[in-house]
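Notes follow the structure.
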Amino acid sequence: MTERFPRIDALEMQRPAWQRRLRAYAKLIRADRPIGIFLLLWPGLWALWIAGEGQPPWWVVAVFMLGTVLMRSAGCAINDFADRDLDGQVERTAGRPLATGLIRPREALMVFAVLSLLAFGLVLLLNRLTILMSLVAVALAAIYPFMKRYTHLPQLVLGMAFGWAVPMAFTALQGQVPPLAWELFVATVVWALIYDTMYAMVDRQDDLKAGIKSSAILFGRFDRLIVGLLQLLMLGLLWDLGRRAGLGWGWWVGLAAGAGLFAWQQYLIRRRERRNCFRAFLNNNWFGLVLFLGLFFDYLLRPAGG
């Protein structure tokens, strides 16, 4: 059985104390792993471009992008606090700074609080409704890490946390949340179920031993089938959204490319190998990117008055 506090790497112990502390804090907020930032960022950018009809104010885009970095970092800190007694039992997470004892639990809580306050300060630049909506975002970020103790679908809460930028983008630019925004929000929640199930497939055996709940454990041998159905559902939602929003060729090209990436992800997870399941998870960044590029060029290349 993996010990609760794994040994710290010998090379790491040779560094000066201040360097170890700084590196530990960077590791706490996943500064070396930006994938979470991108997965959180893409839905917000999709929403900003649709809500702003291809021309969202750049200062609002900057607020959302910086807020994404801060809230993802805050989410990592509270996640490690919640999992401090579990991470040492999972091979992939055994080296995290709380699991190794490099950072104390109260320090992680302070990091979460400070980063959340900085993100809230950014939101104060937006309108009142968006400010109120941001309180929901903080609440979702705070409760998600604890959900794996109570439900096999913590990915639903993750999806709501990662997707909440969608209604916030519409309130920031339009002062309302139209039905189109909620459809995009639902698609984002489904997307989180897709990529985070792939992520959970990497840890499935360790999670079973540690008593951690996940969608990969819930789906069992039907995991690939259910992920595939979820991918079809998301593509259907995005197709309907593009039709209702009057989007053009750029969107449809991006959506077709996204469908191809989903097919590639299915190929990667076909044998449920840990390395390839992780590659499939990472590949979702490209899905988010091609969809945004399609949206961006669709608006950019429209004829004047179109």
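Set the Förster radius R0 to 35 Å, insert the Cβ-Cβ distance between Lys209 and Trp182 as r into 1/(1 + (r/R0)^6), and round the FRET efficiency to 0.05.
In this case the efficiency is close to 0.35.
Residue separation of Tyr267 and Gln55 scaled by 0.36 nm, minus their Cα-Cα distance, works out to 72.6 nm of gained length. Of all the options Val157, Val227, Val136, the one that moves most in a Gaussian network model of the chain with Cα springs shorter than 10 angstrom is Val136. Size check on the chain: the Cα extents along the three principal axes, sorted descending, read 63, 45, 34 Å. Let me check against my output: what whole-number percent is the relative contact order of segment 10-299, with C-alpha pairs under 8 Å and at least 6 apart? Normalised by residue count, the contact order of segment 10-299 is 20 percent. Lys and Arg at +1, Asp and Glu at -1: add these up for the other residues within a Cβ distance under 12 Å of Leu109 and post the number. The answer is +1. Average 1/r across all pairs of distinct alpha carbons in segment 83-154, invert it, and you get the Kirkwood radius: 14.2 Å.
Angle check, please: helix 274-300 long axis (alpha carbons) against the longest principal axis of the chain (alpha carbons), in degrees 0 to 90, nearest 10. Once rounded, one gets 30 degrees. Placing unit charges on the Cβ atoms only, positive for Lys and Arg and negative for Asp and Glu, gives segment 10-299 a dipole magnitude near 780 debye about its Cα centre.
Here, each number is a calculation from the coordinates, and none is a lab measurement. On a predicted model such as this, the values are computed, not experimentally measured, just so you know. As a convention, Cβ positions derive from the backbone with ideal geometry for all residues, glycine included, and neighbour counts pool all protein chains shown.
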